[in-house]
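Notes for the one structure printed next.
The values are calculated or read from the model by the stated rules, or taken from the named source; none is laboratory data. On a predicted model such as this, the values are computed, not experimentally measured, just so you know. As a convention, Cβ positions derive from the backbone with ideal geometry for all residues, glycine included, and neighbour counts pool all protein chains shown.
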């Protein structure tokens with residue numbers, strides 16, 4: 001009986017959670033302007049996604065989103081890995097605590113605050129907002145997560161292997177490349193992926209740092225489009241594609257981690 | 001000895017850490033080419049720091065390190081022809097055995113064929129030549145240790161440094177590895193510098209032992225020299241078991257301890273000079289009939305140790321003597337004991353009293369050991385720097401640091417047969433020594449009190 | 001010289017430390033700086049006067065906190081049982097359920113919100129305050145379930161068994177052992193829901209056709225209108241709120 005109740009509860013909740021998603025999925029295959037009326041099956045919305053003026057804008061937005069995400073994630077991963085190694089080797093004390101605290105701030109701050117604070121900085125310095133500003137901001141809020149991912153690996157590492165590499169003739173740079181990085185690889189990879197996810201998903205920070213130019217990312221594009229009239233028909237296939245992509249990625253990821261744990 | 005015979009010269013090395021802690025204090029050492037040298041001492045004595053300075057992972061605050069006459073003090077570790085075997089092996093987890101061992105050679109851009117030859121040869125020397133493809137994380141402790149050694153020797157270093165490499169292994173494996181390392185040393189012919197806190201290990205493997213304690217070298221010598229003729233009570237106590245007793249050198253060849261005269265083989269001391277006498281438990285001869293011995297006692301404990309029996313004997317005067325014998329004398333037996341003259345080892349006493357630096361506060365107070373002590377009336381003006389003498393047995397140690405005039409920490413406890421001889425480090429950094437019958441433990445925090453009449457201003 | 005600096009690995013943190021200084025610390029300083037500036041660029045408390053004297057702004061803040069509390073409580077009420085049922089094998093729910101529950105978290109927040117709008121349109125329900133709360137809960141429920149679920153999964157089973165061994169009935173086991181041990185997950189969830197709820201603006205705008213304004217909306221409007229001082233002051237208030245709530249958290 002408890003089992004039945006639990007099942008019902010979860011399934012109902014799940015239904016509510018996915019109802020809107022499935023709704024849009026279904027209606028992305030019809031050209032009706034109003035959501036709810038079915039004017040016959042059509043894949044036109046998908047076909048026209050990237051065409052026309054709206055399509056070009058969407059193209060541009062996707063391009064920017066990917067560019068920003070890759071650049072920000074790459075820089076964050078390198079910066080964050082060095083930072084994690086540095087912090088790990090620091091003596092416990094005020095400086096270390098201060099840096100750790102500052103590192104945690106972007107993770108605690110609501111994104112609107114992060115966006116506005118960096119916006120104000122650029123205003124103060126008289127630098128125009130735009131792509132550069134957006135990338136800087138993204139690096140700022142992604143790197144703490146990289147640090148968070150790499151630190152546990154550092155702690156698990158045998159503290160002597162860096163010195164062992166030096167002892168065997170490696171310069172510090174060689175020791176880093178040949179010994180430390182391989183050890184930290186999985187933390188760096190998960191940090192990189194997390195950074196990409198955060199960057200692609202971001203809305204508020206990008207909104208405030210993109211300035212009044214033509215820089216749009218997927219999020220800001222959707223925002224601008226939605227302001228005009230809610231969920232326009234064009235957004236339906238976009239939504240469906242994103243949902244399917246995420247679903248597939250998640251399935252792959254779960255399968256991979258299941259395989260890895262059974263391999264041990 | 002020609003300077004060029006020394007491969008490593010450590011000259012007046014001092015290492016001070018931030019916060020003022022002195023880990024090595026004016027340490028000097030010369031190591032001959034091809035020697036097996038062991039740095040031996042308790043934790044915290046500075047031996048590992050000295051090794052790391054020779055390896056290049058840290059630099060001395062003062063002093064120099066020379067390799068074959070060349071100053072390498074500031075040379076980074078990757079430029080020194082010296083390799084280290086770490087205590088926790090430090091094998092690279094992402095490389096297999098072969099790649100771990102080949103690591104140093106690959107950096108030197110040695111040819112593939114040469115690398116293969118040398119790696120396989122090194123693995124053969126350590127007995128791991130079937131394991132090249134193996135994942136290092138799956139190896140046992142002993143196997144990882146061998147790979148670590150192979151990884152170091154394959155580079156043909158001039159000096160091999162080993163930082164307590166056997167301390168994580170179980171006893172039997174340890175003993176086996178000791179023999180193998182000794183054999184390797186003979187076969188390779190390179191200088192080994194070995195760090196350990198295990199004196200049996202040091203005695204069995206070394207050509208030369210450097211005994212260290214409290215950031216200072218206590219004695220350098222061959223295993224037999226150090227065992228038979230320890231230079232001071234610390235070394236006598238640290239190496240092997242020993243009975244250490246206070247005594248007086250009556251005259252040449254006669255030493256007095258436990259209120260009795262004994263013939264011995266030492267001479268050259270002043271008449272009635274205070275000394276410490278060392279007797280190894282295995283040198284005490286037990287007699288069934290108490291009358292046959294030089295002194296008598298009653299056995300209080302007898303434990304079987306596999307090869308011999310270890311016994312404690314209490315004398316009527318209150319001395320407790322440690323004895324090892326192949327025959328068992330059960331607890332409660334009255335026995336006689338004697339020692340051959342050549343087995344009595346006499347060491348000069350460092351001193352009989354503490355010589356402490358102090359400053360005069362007023363006519364009845366001096367400032368020393370970080371506190372103001374009351375003294376008898378004196379006439380020295382305020383601010384004078386003086387030396388104060390306090391006999392070892394006139395220092396009172398108290399359980400609660402707050403109850404004492406000064407505070408300190410117990411650092412080394414030596415049992416002297418009928419009392420304890422304790423090194424105390426005071427809160428201001430000064431060291432004093434105390435005779436006491438109370439039982440303390442290393443690292444206890446204690447209070448220090450001295451009666452005014454026991455404080456003698458000597459200059 | 002350079003290699004000696006590099007040899008001490010602690011120094012490797014400095015590039016990032018500078019980045020932190022410029023892009024995290026300085027921006028926060030900017031918020032403080034701008035919030036104390038009035039229209040002429042003079043140092044003044046003008047913005048704070050304006051805030052406390054304006055019933056409008058004050059009301060918005062209180063209203064936003066109210067919405068946030070309602071959302072958080074609803075998320076806990078709905079999410080805790082969900083996490084509980086999914087974490088216990090005896091209820092026979094497949095492991096993939098948890099993954100499906102978490103999945104919406106990875107979809108863009110705007111798209112999720114628009115999906116809710118679509119649902120309401122489809123069901124011919126009016127947008128407004130009700131939609132706002134529904135949308136908030138819809139949005140943040142996975143964020144509440146995720147940490148609670150994780151905490152429950154990682155809970156040490158031997159503690160439950162110990163309680164049973166000492167004579168506790170299933171009810172007592174729950175109230176005395178399980179529930180208290182699940183609290184860290186609940187705290188995590190609250191942190192991930194409460195503060196973001198106060199500072200969202202897009203959600204409110206889309207779900208209520210801009211009729212209901214939350215504090216975040218207020219900040220956004222002021223910044224967009226060029227009233228940087230006032231916007232900064234409002235942001236500072238949000239920061240102070242964050243500081244207070246994390247102070248409470250660390251008091252634990």
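Within segment B:258-280, can one find any residue that is in a helix (DSSP H, G or I) and in contact (Cβ under 8 Å) with a residue 60 or more places away in the chain? Break it down stepwise before answering.
We begin by selecting, within segment B:258-280, every residue in a helix (DSSP H, G or I); these are none.
The answer is no; no qualifying residue exists.
Checking C:22, C:29, C:13 one by one, the residue that is buried (at least 18 other Cβ atoms within 10 Å of the Cβ) and without any contact (Cβ under 8 Å) to a residue 12 or more places away in the chain is C:13 and no other. Filtered by the rule that a residue be within 8 Å of another protein chain (Cβ to nearest Cβ) and farther than 15 Å from residue C:101 by Cα, segment A:7-26 gives A:23, A:24.
The set of residues from segment B:241-279 being surrounded by 15 or more Cβ atoms within 10 Å (Cβ to Cβ) and in contact with a helix residue (DSSP H, G or I) (Cβ under 7 Å, 6 or more places away or on another chain) comprises B:242, B:243, B:244, B:264, B:276, B:278, B:279. Test residue B:324 against the stated conditions and say whether it is at pLDDT 90 or above, more than 28 Å from the chain's Cα centre (by Cα) and within 30 Å of residue B:392 (Cβ to Cβ). So residue B:324 fails the test. Give me the residue from segment A:166-179 that is crowded, with 20+ Cβ neighbours inside 10 Å and more than 7 Å from every other protein chain (Cβ to nearest Cβ) and, out of that set, nearest to residue C:112 (Cα to Cα). For segment A:166-179, the residue satisfying everything is A:176. Does residue B:87 qualify as being part of a loop (DSSP other than H, G, I, E, B), surrounded by fewer than 23 Cβ atoms within 10 Å (Cβ to Cβ), modelled with pLDDT under 90 and touching a helix residue (DSSP H, G or I) at 6+ places or on another chain (Cβ under 9 Å)? Judged against the criteria, residue B:87 is a match.
Condition check for residue B:367 on (1) under 35 Å from the mean Cα position of the chain (by Cα); (2) outside any strand (DSSP E or B); (3) free of Cβ contacts under 8 Å to residues at least 24 places away in the same chain: one failure, at (2). Filtered by the rule that a residue be in contact (Cβ under 8 Å) with a residue 24 or more places away in the chain, out of contact with any helix residue (DSSP H, G or I) (no Cβ under 9 Å at 6 or more places or on another chain) and within 14 Å of chain A (Cβ to nearest Cβ), segment B:50-78 gives B:51, B:53, B:54. Looking across segment A:118-132 at every residue that is assigned to a helix (DSSP H, G or I) and over 21 Å from the mean Cα position of the chain (by Cα), the one that is surrounded by the most Cβ atoms within 10 Å (Cβ to Cβ) is identified as A:120.
Which of the following residues is under 30 Å from residue B:17 (Cα atoms), free of Cβ contacts under 8 Å to residues at least 60 places away in the same chain, surrounded by 15 or more Cβ atoms within 10 Å (Cβ to Cβ) and out of contact with any strand residue (DSSP E or B) (no Cβ under 9 Å at 6 or more places or on another chain): B:103, B:92?
On the way: B:103 fails: under 30 Å from residue B:17 (Cα atoms).
B:92 is the lone residue from the list that is under 30 Å from residue B:17 (Cα atoms), free of Cβ contacts under 8 Å to residues at least 60 places away in the same chain, surrounded by 15 or more Cβ atoms within 10 Å (Cβ to Cβ) and out of contact with any strand residue (DSSP E or B) (no Cβ under 9 Å at 6 or more places or on another chain).
Hey, among A:69, A:74, A:32, A:4, which residue is surrounded by 13 or more Cβ atoms within 10 Å (Cβ to Cβ) and within 12 Å of chain C (Cβ to nearest Cβ)?
Testing whether each residue is surrounded by 13 or more Cβ atoms within 10 Å (Cβ to Cβ) and within 12 Å of chain C (Cβ to nearest Cβ) leaves just A:32.
When only residues in segment A:85-95 that are modelled with pLDDT under 90 and touching a helix residue (DSSP H, G or I) at 6+ places or on another chain (Cβ under 8 Å) count, which is farthest from residue A:175 (Cα to Cα)? Step by step, filter segment A:85-95, then rank; the result is A:91.
The residues in segment C:88-114 that are over 29 Å from residue C:205 (Cβ atoms), modelled with pLDDT of 80 or more and within 7 Å of chain A (Cβ to nearest Cβ) can be counted, and the count is 2. Just to be sure, is residue B:161 within 30 Å of residue B:9 (Cβ to Cβ), within 11 Å of chain A (Cβ to nearest Cβ) and crowded, with 19+ Cβ neighbours inside 10 Å? Yes, satisfied.
Checking the stated criteria, residue C:31 turns out not to satisfy the condition of being more than 9 Å from chain A (Cβ to nearest Cβ) and either assigned to a helix (DSSP H, G or I) or within 22 Å of the chain's Cα centre (by Cα) (or both). Taken over segment B:182-222, the criterion of being more than 23 Å from residue B:44 (Cβ to Cβ) and in a helix (DSSP H, G or I) is satisfied by B:182, B:183, B:184, B:185, B:186, B:187, B:188, B:204. Taken as a whole, segment A:35-58 holds at least one residue that is in contact with a helix residue (DSSP H, G or I) (Cβ under 6 Å, 6 or more places away or on another chain), surrounded by fewer than 15 Cβ atoms within 10 Å (Cβ to Cβ), within 14 Å of chain C (Cβ to nearest Cβ) and without any contact (Cβ under 8 Å) to a residue 12 or more places away in the chain. Within segment C:172-182, restricting attention to residues that are without any contact (Cβ under 8 Å) to a residue 12 or more places away in the chain and closer than 21 Å to residue C:86 by Cβ, the residue that is surrounded by the fewest Cβ atoms within 10 Å (Cβ to Cβ) is C:180. I want to confirm something. Restricting to segment C:115-125 and keeping residues that are without any contact (Cβ under 8 Å) to a residue 60 or more places away in the chain and within 7 Å of chain A (Cβ to nearest Cβ), which single residue is surrounded by the most Cβ atoms within 10 Å (Cβ to Cβ)? This residue is C:115.
Examine segment B:436-445 for a residue that is at pLDDT 90 or above and within 23 Å of residue B:359 (Cα to Cα), and state whether such a residue exists. No, segment B:436-445 has no match at all. Of the residues contained in segment A:188-197, none is found to be within 27 Å of residue B:161 (Cα to Cα) and either within 14 Å of chain B (Cβ to nearest Cβ) or touching a strand residue (DSSP E or B) at 6+ places or on another chain (Cβ under 8 Å) (or both). Does residue B:196 satisfy the criteria of being within 27 Å of residue B:423 (Cα to Cα) and without any contact (Cβ under 8 Å) to a residue 60 or more places away in the chain? Considered against the rule, which asks whether it is within 27 Å of residue B:423 (Cα to Cα) and without any contact (Cβ under 8 Å) to a residue 60 or more places away in the chain, residue B:196 comes out as no. Do we have residue B:391 as surrounded by fewer than 18 Cβ atoms within 10 Å (Cβ to Cβ), under 30 Å from residue B:316 (Cβ atoms) and in contact with a strand residue (DSSP E or B) (Cβ under 8 Å, 6 or more places away or on another chain) here? Against the criterion (surrounded by fewer than 18 Cβ atoms within 10 Å (Cβ to Cβ), under 30 Å from residue B:316 (Cβ atoms) and in contact with a strand residue (DSSP E or B) (Cβ under 8 Å, 6 or more places away or on another chain)), residue B:391 qualifies.
Output the residues belonging to segment C:208-232 that are within 18 Å of residue C:72 (Cα to Cα) and either more than 11 Å from chain A (Cβ to nearest Cβ) or assigned to a helix (DSSP H, G or I) (or both).
Those that are within 18 Å of residue C:72 (Cα to Cα) and either more than 11 Å from chain A (Cβ to nearest Cβ) or assigned to a helix (DSSP H, G or I) (or both): C:215, C:216.
With the structure loaded, tell me whether residue B:425 is in contact with a strand residue (DSSP E or B) (Cβ under 8 Å, 6 or more places away or on another chain) and in a strand (DSSP E or B) or whether it fails that test. Against the criterion (in contact with a strand residue (DSSP E or B) (Cβ under 8 Å, 6 or more places away or on another chain) and in a strand (DSSP E or B)), residue B:425 qualifies. Of the numbered criteria (1) more than 8 Å from chain C (Cβ to nearest Cβ); (2) under 20 Å from residue C:19 (Cβ atoms); (3) outside any helix (DSSP H, G or I), the one residue A:159 fails is (2).
Applying the condition of being part of a helix (DSSP H, G or I) and in contact (Cβ under 8 Å) with a residue 12 or more places away in the chain to segment A:5-31 and asking which residue is nearest to residue C:135 (Cα to Cα) yields A:21.
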